[in-house]
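Structure first, commentary second.
The values are calculated or read from the model by the stated rules, or taken from the named source; none is laboratory data. Please read these numbers as outputs of a predicted model, since none were measured by experiment. Counting neighbours? That spans all protein chains shown, and the Cβs are built from the backbone with ideal geometry, glycine included.
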Amino acid sequence: MNTYAARRAALMAQMRAKGGGVAVIPTAPEVMRNRDADYPYRHDSYFYYLSGFTEPEAVIVLVAGEKDQSILFCREKNLEREIWDGYRYGPEAAREAFGFDAAYPVSALDTEMPKLMANAPAMFYSLGSDGKLDGQVQQWLQAVRMQARAGVTAPTSVHDVRVLLDDMRLIKDADEIGIMKKAAAISAEAHQRAMQLSRPGLREYHLEAELLHEFRRNGSQFPAYGSIVATGANACVLHYRASDAELKDGDLVLIDAGCELDSYASDITRTFPANGKFSAPQQELYELVLAAQEAAVAVTKPGMRFMDGHDAAVKVLAQGMLDTGLLDRNKVGSLEDVIAKNAYSQFYMHRTGHWLGMDVHDVGEYRDPPAPDGSKPWRTLQPGMVLTIEPGIYVRPDPAVPEKYWNIGIRIEDDALVTASGCELITAAAPKTVAEIEAVMKR
C-alpha cells in the first residue's frame with residue numbers, strides 16, 4: 001500500500017469509528033489572473049495529502065462501511081487539450097497510478113454521487129469551503145431523498161472531514177520529514193546567498209530575486225509564501241512585501257522567506273546588516289532576540305505545551321526591554337508586571353511560532369480537547385510535529401524610547417521538528433549568530 005492509500009485507509013477507519021459514511025474532498029479550482037491567463041496552479045493540500053494527484057478539476061470520494069472504497073473523479077483524457085496544457089492521466093491511468101479502487105470522469109459526479117450516498121449514515125464534508133460544490137452536495141442529497149418511497153435513506157448528519165485530517169497532518173511521517181528537511185536546506189542556502197550578495201545601494205527586490213533564483217535552481221516549485229525583504233524601517237512592518245526600497249549603509253535587512261518543495265513549506269527569517277557589520281545597538285537587540293529564541297528552543301520538546309516556547313521567549317525579551325531602557329521600569333514596573341500587563345507587546349506583538357507542513361501556517365488545533373473541567377489547555381507537543389520558533393523585536397520611533405534603537409526590526413525564525421528527546425532545528429544551516437553572519441558577509 002502506498003503512502004497516499006495508507007492515509008485514505010486511516011481516514012476511513014476514523015469515519016467507521018463515527019458510524020461510517022461518505023467523504024468528499026475536492027482539490028483547488030484554477031483561478032484566473034487576468035483575461036485569459038491563470039495564476040500558477042497549486043492543488044489543495046488536503047486533497048494532495050490523500051492522493052498525490054496534482055491535476056485540477058478532481059474530487060476524492062471515500063466510502064467507509066462494510067466495504068471501504070476510495071474513488072477518484074478527474075478529467076478525461078483529451079489529446080487536443082494536452083497539446084496546449086500538457087499531459088492528463090485520465091480516470092483509468094490515474095486509478096492505477098495513485099492506487100484508487102475506482103475512477104470516473106469528473107463530469108460523472110452528479111450521476112454517481114447519489115448512488116454512493118444512498119443509505120450512507122453520514123457525510124464527511126467541509127461545508128462552506130467551496131460554494132459551487134456545496135450546491136452540488138445539496139442536489140445529491142435531494143436526489144437521494146427522492147428515493148425515500150423505495151426505502152432508500154439519505155445521510156442524516158454531516159461531519160467536517162478536515163477536522164479528522166488536521167490531526168493526521170499535524171504529525172509528520174518519515175517521508176514528510178525528509179521532504180521538509182530538503183526544503184529547509186534549500187531555503188537556508190538561499191538566505192546565505194542573500195547575505196553574501198547584500199550591499200548598500202541594492203534594492204529589496206534584488207535580494208528577493210536572489211532568493212527565487214536559489215529556490216528554483218535547487219528544484220523548489222514555488223515560494224511557500226510571498227517573500228518578505230524589508231530594509232531599515234520596513235523591517236518593523238510584520239507582513240511587509242519585498243519592494244523597491246534601497247539598502248542603506250547602517251541599516252538592517254530582515255528577510256522572511258522559504259521555498260515549497262513537493263508541496264511542503266519551509267519558513268526562515270534572518271536579519272543582518274546591509275553593510276555586513278552590526279552596529280552596537282543593533283547587536284545588542286539582535287543578541288536579545290537570539291537569546292529569546294534559544295530559551296524557546298530549550299522548552300520545545302515532547303510533553304511541553306505549544307505556548308511554553310512563547311512564554312519562555314517573552315520572559316527573555318521583556319527582561320531585555322527593561323535592561324535596555326526600551327521600557328521604563330518607573331512606568332511599567334517589574335518583569336512580572338510587564339508580562340502580566342502585556343507591556344512588551346509594544347515591541348513584540350506576535351506569537352513565537354505556528355505549525356508548519358504542507359501549508360506555511362499549517363493545520364492543527366493549538367489546544368488539546370477540553371479537559372473534564374471544561375478548560376482547553378494548550379496542545380501538548382509530540383514527536384513528529386513541526387513548528388516555527390520566531391521571536392522578534394520591532395522598535396518604531398518614539399520619544400519615550402532611546403533614539404539609538406529607532407527603526408530597528410529584528411526577527412529570527414527557524415523550523416523545529418519535535419523529536420523523542422527535544423527538537424531539531426532543520427533550518428539551522430542558515431547563518432544566525434552575529435559572528436556567523438558577519439563572517440559570511442565578509443566573504
| note | Filtering the range 116-150 down to residues that are touching a helix residue (DSSP H, G or I) at 6+ places or on another chain (Cβ under 8 Å), of a type in the set (Gly, Ala, Ser) and in a helix (DSSP H, G or I) yields Ala143
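If I go through the range 7-32 residue by residue, how many of them are part of a strand (DSSP E or B) and more than 21 Å from the chain's Cα centre (by Cα)?
Here is the first cut: in the range 7-32, the ones part of a strand (DSSP E or B) are 21-26, 32.
Then drop every residue that is not more than 21 Å from the chain's Cα centre (by Cα), which leaves 21-24, 32.
Number of matching residues: 5.
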| request: Look at the range 249-270 and say how many of its residues are out of contact with any helix residue (DSSP H, G or I) (no Cβ under 7 Å at 6 or more places or on another chain) and hydroxyl-bearing (Ser, Thr, Tyr). | output: 1
| message | Checking Ile393 against (1) touching a Ser or Thr at 6+ places or on another chain (Cβ under 9 Å); (2) modelled with pLDDT of 95 or more: exactly one of these is not met. Which one? | response | (1)
| Could you say whether any residue in the range 321-331 is farther than 23 Å from Ala235 by Cα and of a type outside the set (Lys, Arg)? | yes
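Tally the residues that are hydroxyl-bearing (Ser, Thr, Tyr) and in contact with a helix residue (DSSP H, G or I) (Cβ under 6 Å, 6 or more places away or on another chain), restricting the search to the range 198-230.
2
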| Test: Arg169 is in contact with a helix residue (DSSP H, G or I) (Cβ under 8 Å, 6 or more places away or on another chain), closer than 25 Å to Ile25 by Cα and part of a helix (DSSP H, G or I) | yes
| When you go through (1) at pLDDT below 95; (2) under 30 Å from Asp44 (Cα atoms) one by one for Phe306, which number turns out not to apply? | (1)
| said: I'd like to check something: does the range 188-203 contain any residue that is of a type in the set (Ser, Thr, Tyr) and either assigned to a helix (DSSP H, G or I) or surrounded by fewer than 15 Cβ atoms within 10 Å (Cβ to Cβ) (or both)? | reply: no
| request: Select from the range 204-234 the residues that are touching a residue at least 60 places away in the same chain (Cβ under 8 Å), in a loop (DSSP other than H, G, I, E, B) and touching a Phe, Trp or Tyr at 6+ places or on another chain (Cβ under 9 Å) and list them in ascending order. | output: Ala224
| query | How about the range 399-443: which strands (runs of 3 or more DSSP E) wholly inside it have at least 3 residues that are not acidic (Asp, Glu)? | reply | 408-411, 414-418
| query | Which condition number does Val59 fail, the rest of (1) under 16 Å from Val22 (Cα atoms); (2) more than 31 Å from the chain's Cα centre (by Cα) being met? | reply | (2)
| query | Do you know which of the residues in the range 106-128 that are touching an Asp or Glu at 6+ places or on another chain (Cβ under 9 Å) and buried (at least 16 other Cβ atoms within 10 Å of the Cβ) is nearest to Ala13 (Cα to Cα)? | reply | Phe124
| message | Tell me yes or no: at least one residue of the range 167-174 is among the basic types (Lys, Arg), over 30 Å from Leu212 (Cβ atoms) and modelled with pLDDT of 95 or more. | response | no
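Listed here are the residues, each with its yes/no results for (1) on the phi < 0 side of the Ramachandran plot; (2) in the same structural domain as Glu413 (by TED's automatic domain parsing); (3) out of contact with any Lys or Arg (no Cβ under 6 Å at 6 or more places or on another chain).
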position: Glu210; (1), (2), (3): yes, yes, no
position: Gly258; (1), (2), (3): yes, yes, yes
position: Ser263; (1), (2), (3): no, yes, yes
position: Thr269; (1), (2), (3): yes, yes, no
position: Glu287; (1), (2), (3): yes, yes, yes
position: Val299; (1), (2), (3): yes, yes, yes
position: Pro302; (1), (2), (3): yes, yes, yes
position: Ala313; (1), (2), (3): yes, yes, yes
position: Gln319; (1), (2), (3): yes, yes, yes
| message | Just checking, does the range 354-362 include any residue being assigned to a strand (DSSP E or B) and either among the aliphatic types (A, V, I, L, M) or within 22 Å of the chain's Cα centre (by Cα) (or both)? | response | yes
| Can you find even one residue in the range 301-318 that is more than 26 Å from Ile186 (Cα to Cα), touching a residue at least 12 places away in the same chain (Cβ under 8 Å), buried (at least 18 other Cβ atoms within 10 Å of the Cβ) and among the β-branched types (Val, Ile, Thr)? | yes
